[in-house]
1. When you go through A160, A110 one by one, which is the residue that is surrounded by 14 or more Cβ atoms within 10 Å (Cβ to Cβ), at pLDDT below 95, among the small types (G, A, S) and under 16 Å from the mean Cα position of the chain (by Cα)?
2. Would you mind finding the one in G84, G45, G89, G49 that is open to solvent by less than 10 Å² (accessible area, probe 1.4 Å), at positive phi and either in contact with a strand residue (DSSP E or B) (Cβ under 6 Å, 6 or more places away or on another chain) or of a type outside the set (S, T, Y) (or both)?
3. Among the residues of the stretch 92-105, write down those that are of a type in the set (A, V, I, L, M) and either open to solvent by less than 90 Å² (accessible area, probe 1.4 Å) or within 14 Å of R67 (Cβ to Cβ) (or both).
4. How many residues are among the aromatic types (F, W, Y) and in contact with a Phe, Trp or Tyr (Cβ under 6 Å, 6 or more places away or on another chain) when one looks only at the stretch 40-88?
5. Which condition from (1) at pLDDT 95 or above; (2) open to solvent by less than 40 Å² (accessible area, probe 1.4 Å); (3) closer than 13 Å to E117 by Cα is the one that V3 breaks?
6. Is at least one residue of the stretch 38-61 assigned to a helix (DSSP H, G or I), over 25 Å from A135 (Cβ atoms) and of a type outside the set (S, T, Y)?
7. Collect the residues in the stretch 118-133 that are surrounded by fewer than 18 Cβ atoms within 10 Å (Cβ to Cβ) and of a type in the set (D, E, K, R), keeping them in residue-number order.
8. With (1) farther than 18 Å from A19 by Cβ; (2) at pLDDT 70 or above; (3) part of a helix (DSSP H, G or I) as the list, and N171 as the residue in question, which single condition is left unmet?
Amino acid sequence: MIVTERFWDFSNRIYQREAVQQACLELQNQHNLDVNMLLFCIWSGIVHGELADALYGKALRVSSNWRSRLVHPLRQARSWMKTGLASAGFKDDPSYLELREQIKVIELKAERLQQLELERLVESQPAADFDQTLAIVQNLKRYCQRQTLDLDPPVVMLMAVLLEASVPDENLESALLAMS
């Protein structure tokens with residue numbers, strides 16, 4: 001099966017918005033959510049509808065393993081290099097900045113591969129008629145519940161930024177109502 005990288009293209013398109021970047025980083029850093037899994041919940045809701053239980057479970061396992069074993073350690077190393085080198089006694093050296101940038105490139109490649117694997121899971125599923133907005137909201141709610149994250153007003157506001165970038169304007173209000 002040929003994977004077209006539609007999920008990666010979608011993610012890059014909406015992530016270009018500064019508000020989406022900020023919301024994703026806050027959901028990642030403050031609420032420990034996997035940005036790729038958040039974006040997958042949205043993209044799969046648009047393309048294939050609500051995730052079936054078995055498919056959702058498999059996607060969560062794939063994503064959690066990839067994130068914890070590869071993406072997160074790369075991000076930690078890159079972050080440490082940004083703030084911890086000087087306090088660890090390393091001298092200011094341009095080669096450290098170069099290494100940090102190389103790690104950033106590898107981290108991005110790892111996230112792309114994570115998304116490709118998630119896309120492969122969904123592409124094998126038959127398409128059916130569905131309400132995109134409802135599917136997106138159900139997928140996001142399921143992920144937040146699984147991560148034991150309450151959909152309190154600040155979290156809903158962050159999700160609203162993602163929904164606004166993904167859902168047609170005429171469906172945005174109903175999506176926001178369904179989130180809360």
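1. A160
2. Result: G49 is the single residue among G84, G45, G89, G49 that is open to solvent by less than 10 Å² (accessible area, probe 1.4 Å), at positive phi and either in contact with a strand residue (DSSP E or B) (Cβ under 6 Å, 6 or more places away or on another chain) or of a type outside the set (S, T, Y) (or both).
3. Within the stretch 92-105, L99, I103, V105 meet the criteria.
4. The initial filter retains those residues of the stretch 40-88 that are among the aromatic types (F, W, Y), namely 40, 43, 56, 66, 80.
Then keep just the ones that are in contact with a Phe, Trp or Tyr (Cβ under 6 Å, 6 or more places away or on another chain); that gives 43.
Residues meeting the conditions: 1.
5. (1)
6. Of the stretch 38-61, the ones assigned to a helix (DSSP H, G or I) are 38-47, 53-61.
From what is left, the residues that are over 25 Å from A135 (Cβ atoms) are none.
Among the residues of the stretch 38-61, not one is assigned to a helix (DSSP H, G or I), over 25 Å from A135 (Cβ atoms) and of a type outside the set (S, T, Y), which makes the answer no.
7. R120, E123, D129, D131
8. Of everything listed in (1) farther than 18 Å from A19 by Cβ; (2) at pLDDT 70 or above; (3) part of a helix (DSSP H, G or I), N171 misses just condition (2).
The values are calculated or read from the model by the stated rules, or taken from the named source; none is laboratory data. Since we're looking at a predicted model, the values are computed, not measured. Every residue, glycine among them, receives a Cβ derived from its backbone with ideal geometry; neighbour counts consider all protein chains shown. We work out accessible area using only protein heavy atoms, side chains counted, and drop any ligands, DNA or RNA first. Shrake-Rupley method; radii C 1.70, N 1.55, O 1.52, S 1.80 Å.
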